[in-house]
1. Along the Cα→Cβ direction, 7 angstrom out, place labels at residue 52 and residue 153. What is the inter-label distance in nm?
2. Starting from the eigenvalues of the Cα gyration tensor, five times each then square-rooted, give me the equivalent ellipsoid semi-axes of the stretch 61-197, largest first, whole Å.
3. With the cut-off at 1.5 for a/c, could you classify the stretch 40-84 from its C-alpha gyration tensor as rounded, prolate or oblate?
4. Determine the relative contact order of the stretch 54-115: mean sequence separation of Cα pairs under 8 Å and six or more apart, normalised by residue count, in whole percent.
5. In what sequence do 134, 101 fall when counting other Cβ within 10 Å, fewest first?
6. For the stretch 61-197, calculate the relative contact order in percent as a whole number, restricting contacts to Cα pairs under 8 Å that are 6 or more residues apart.
């Protein structure tokens, strides 16, 4: 009888420890935030850049004035086979631009637009910005100030942080070069871009996913506990 009781105690202790470990794992899954997802399509410009014009959901679009161009290029990729190349050839008052629209945003979200760029010439007219648009992608709500990050002969990172303003649901991310201050020759490459939401404004969706995982794990634990209890009870009767 003493030996039987000892085995029952060991079984109960093992069951309790197992339950605590698995419950801790389930809770950690539920409360761990999801990793930031890159919301840009074709972030490395491996697919063609369109010239059809806005809107630009799910693809990069380009635009350029006289004496300028923006398109895919295989000559200077940072990774993969291509990058975006924007050029101005000694022309004043012109521009070249690539942009993409990111829908489904929520006011108050913190976001980051980032990437890598390099130049083989003068590049004093580069601009990085986010233009905020309404849910129908028809009206501009506002825009960030132009970021003018230094660019060199080697790929270096650029990063623009902002917060989705009230009334906005779409971010139009823009990389541009321009010569509005006088004649200029520029050649800039952009590659490996990203647009991510960095705060917890999208946590409800992640939490529902975590909750589903939590319920599944706890249900499995309950089944194990019932079966173990039945086996222990049967053993105690032997």
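Where a number appears in this text, it was derived from the coordinates with a stated rule and is not lab data. None of the values given here were measured: they were computed from a predicted structure. Every residue, glycine as well, gets a Cβ built from its backbone with ideal geometry; the counts of neighbours run over all protein chains shown.
1. Each label point is offset 7 Å from its Cα along the Cβ direction, giving 4.1 nm.
2. Details: eigenvalues 134, 55, 32 Å².
Largest first, the stretch 61-197 gives 26, 17, 13 Å.
3. Details: a/c = 3.07, a/b = 1.19, b/c = 2.58.
Since a/c reaches 1.5 but b/c is at least a/b, the shape of the stretch 40-84 is classed as oblate.
4. On the way: 91 pairs, mean separation 23.6, N = 62.
Relative CO of the stretch 54-115 lands at 38 percent.
5. Values: 134 13, 101 19.
Going from least to most buried by this count: 134, 101.
6. On the way: 389 pairs, mean separation 51.8, N = 137.
In percent, rounded to a whole number, it is 38.
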